[in-house]
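Written out below as structure tokens is the structure these notes cover.
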Number of protein chains: 2
Amino acid sequence: MLTPKQLGRLPGTGRGLRNASIKDIARLAGVSHSTVSRALRGGVLVRDETASRIRKIAEEVGYRPSAAARSLVSGHSDTIGVVVTNVADPFVAGVVRGIEDRAEEHRYAVFLANSNADPDREVRVVRAFEERRVDGIIVTSSRVGALYVPVMERMRVPIVLLNNQHPGHFAHSVMIDNPKASLEVTRHLTQLGHRRIGYIGDRSGHQSDTERLAGYRQALEEAGIPFDPALTIQGDGRPEGGGIAMTRLLQGNRLPTAVFCYNDMTALGAMRQIRLHGLRVPHDISVAGFDDLFLDEYLDPPLTTVRQPMREMGRIAMQTLLNIFTGESNSHNVRVEGRLIVRGSTAAPKE
Amino acid sequence: MLTPKQLGRLPGTGRGLRNASIKDIARLAGVSHSTVSRALRGGVLVRDETASRIRKIAEEVGYRPSAAARSLVSGHSDTIGVVVTNVADPFVAGVVRGIEDRAEEHRYAVFLANSNADPDREVRVVRAFEERRVDGIIVTSSRVGALYVPVMERMRVPIVLLNNQHPGHFAHSVMIDNPKASLEVTRHLTQLGHRRIGYIGDRSGHQSDTERLAGYRQALEEAGIPFDPALTIQGDGRPEGGGIAMTRLLQGNRLPTAVFCYNDMTALGAMRQIRLHGLRVPHDISVAGFDDLFLDEYLDPPLTTVRQPMREMGRIAMQTLLNIFTGESNSHNVRVEGRLIVRGSTAAPKE
DNA sequence: CTGAAAGCGCTTACAG
DNA sequence: CTGAAAGCGCTTACAG
């Protein structure tokens, strides 16, 4: 009993089939394999009758060209690899849609791989893509962005980072304008009259988190509110971390009247804790997030947030890759604007 | 300005690099490329000193073996392709985790591709995987399951379907026991005292939907409640469709006191519409879903549902593939059990 | 322990 | 319009 690894050729579904090659078809059609190749590709330089006979046979035997063989000679795979931190995050779903939009237009296949926010895994996954000779790689919300700087130096396959989490500059990146967007959300809260506003962040050290905190602080400053470190607590970018952080805020001696969360997933956990403590959103505490996940409007109350143009960001990332391919771009750092979406989770503070 | 497609070899990040091959390393090390190949693979049959010198050089030049070349000779790619209807669906995220658990143990790489619930796309994506000679394919929530029956006949690469949506039998599949799980949810509602229970389904014709409807009807029968077709409405498996269907139920002449939804995404939309109509869950209408998505417990009220052991299902699907590889299995249809999770969205009807 | 050779499945000049 | 030949980057018997 051998695995494909040991056996070499798969026996099909127990039927002992192997993949038909152009040689098999050539034999069946009584022509050379070169002719089969031509007929199956462009169809140029082959007599119509011959070509259609070949195509018919190929169809009959269920011929599938080997991308491996093809890419070996062509030097490209017409494939883009996308590394996502977590398929479960609705944010990546939006981004992936955008990547696919553009990729499909240009006939690239898009494959995803999960890093599960594990830096080691992220590196392994990027390597797996490289070995399969994808033409380009897009890494979303990388946890090890900085690592790419030296790697890029001799990287054969172009990499575009999307909302990378580590400080540093990259040849190619697409990022949301975090400071500005955070400034706007927080300003929205100060304008509602809030003076004690909490911030629940991501794990520290990540660029997005640092930038969102900066925007938050700037809004406070604008409003003449002194920064209170006790109101800034780390989360982990997920509901669990948001919940734990919120609990700590609720145990403080003076409650915030509003909380700005690093992202919507964090806000999800925070809102739940607020409810579990017998308080109401936004009556007792206003909550705002970041991302505009599809589920925001299905929450009760619906979540105020910053819309990241996820699909657009995915499109831009893919377009950047396409530009690199054509040589039109050697370095490209794009900042996109977020947009404040006010929903029911934020309101003026009580009295 | 050429794309990789036209150009053949990528110029790297503008640095004119091409991928180093074992020949390049052989030249640098002053040995034959066969020796390089051996040193880089097992390391057997090569003098230690030679091997380590070769590995050092490979490291220096940033050598990445070509999976294409390797798989061409070995006949396998050590890669599994997973087709998902929608990366945005948290259900697939759970399944993918399970697939990865098992795949990682056996050193298979896992790549995902999106079908966006579009049958044409699904077929194209499966084909893309076949051409890249993945060793196996797992298709989740397929919309075109039936299509695989003839295809499987001459399929070279084994396919495992997970919760396929179309009637028919497949060589390999993993499915939740829909009738039983639905029976239990609906029974939960009848036992709470509900007599007018609605069902919001998926698009019709899908196997899962048919089976869940059957379980629902059986529970009604058990409780001596006549089936009322007016209470069964089609959705689309997403919040939008759930909302539209709920609206129709709310416009009926006699409101249901409880609604069982095809899945949690559907329930999400239904609950929102209930709120928008000024009614409360579960006070006015109880709502139950199916899947147990991570977000269920973050809803207000948290959603009663059936837990699908998504991760476990993913593991089983991958294990099925592994069994096919070793020849231990030629046909394998697994039914897994769901589990009722009672949360706050269901309660006894008013008086 | 090492090298030369054949071959995996394709594409693509080069001849005819 | 068609075929023979070379070659993409690797692995693996086969000789030494």
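Quick look at the numbers
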read-out: Selection status of B:Thr320, polar (S, T, N, Q), surrounded by 24 or more Cβ atoms within 10 Å (Cβ to Cβ) and assigned to a helix (DSSP H, G or I); value: yes
read-out: Hits in the stretch B:235-252 (condition: over 22 Å from the mean Cα position of the chain (by Cα) and farther than 13 Å from B:Met271 by Cβ); value: B:Ile244, B:Arg248, B:Gln251, B:Gly252
read-out: Residues satisfying the stated conditions in the stretch A:242-251, i.e. away from every other protein chain (no Cβ under 13 Å) and farther than 15 Å from A:Asp284 by Cα; value: A:Ile244, A:Ala245, A:Arg248
read-out: Filter result for B:Val125 (in contact with a Ser or Thr (Cβ under 8 Å, 6 or more places away or on another chain), assigned to a helix (DSSP H, G or I), more than 15 Å from DNA strand D (Cβ to nearest atom) and within 27 Å of A:Ser115 (Cα to Cα)); value: yes
read-out: Strands (runs of 3 or more DSSP E) (entirely within the stretch A:159-247) containing at least 3 residues that are closer than 30 Å to A:His332 by Cα; value: A:159-162, A:172-176
read-out: Residue in the stretch A:101-108 that is crowded, with 19+ Cβ neighbours inside 10 Å and within 16 Å of DNA strand D (Cβ to nearest atom) present; value: no
read-out: Selected residue (criterion: farthest from B:His188 (Cα to Cα)) from residues of the stretch B:324-343 that are in a loop (DSSP other than H, G, I, E, B) and either in the same structural domain as B:Glu184 (by TED's automatic domain parsing) or at pLDDT 90 or above (or both); value: B:Glu337
read-out: Residues of the stretch A:37-67 classified as hydrophobic (A, V, I, L, M, F, W, C), near DNA strand D (Cβ under 8 Å from one of its atoms) and at negative phi, total; value: 4
read-out: Residue check for A:Asp101: within 13 Å of DNA strand C (Cβ to nearest atom), under 27 Å from the mean Cα position of the chain (by Cα) and modelled with pLDDT of 85 or more; value: no
read-out: Search result, residues across the stretch B:55-66 that are over 13 Å from B:Ser21 (Cβ atoms) and in contact (Cβ under 8 Å) with a residue 12 or more places away in the chain; value: B:Arg55
read-out: Evaluation of A:Val87 against (1) within 9 Å of DNA strand C (Cβ to nearest atom); (2) within 8 Å of chain B (Cβ to nearest Cβ); (3) at pLDDT below 85 (one fails), failing number; value: (1)
read-out: Filtered residues of the stretch B:40-74 (kept if surrounded by fewer than 16 Cβ atoms within 10 Å (Cβ to Cβ), away from chain A (no Cβ under 14 Å) and away from DNA strand C (no atom under 11 Å from the Cβ)); value: B:Lys56
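The values are calculated or read from the model by the stated rules, or taken from the named source; none is laboratory data. These figures come from a predicted structure and were not determined experimentally. Backbone-built Cβ (ideal geometry, glycine too); neighbour counts: all protein chains shown.
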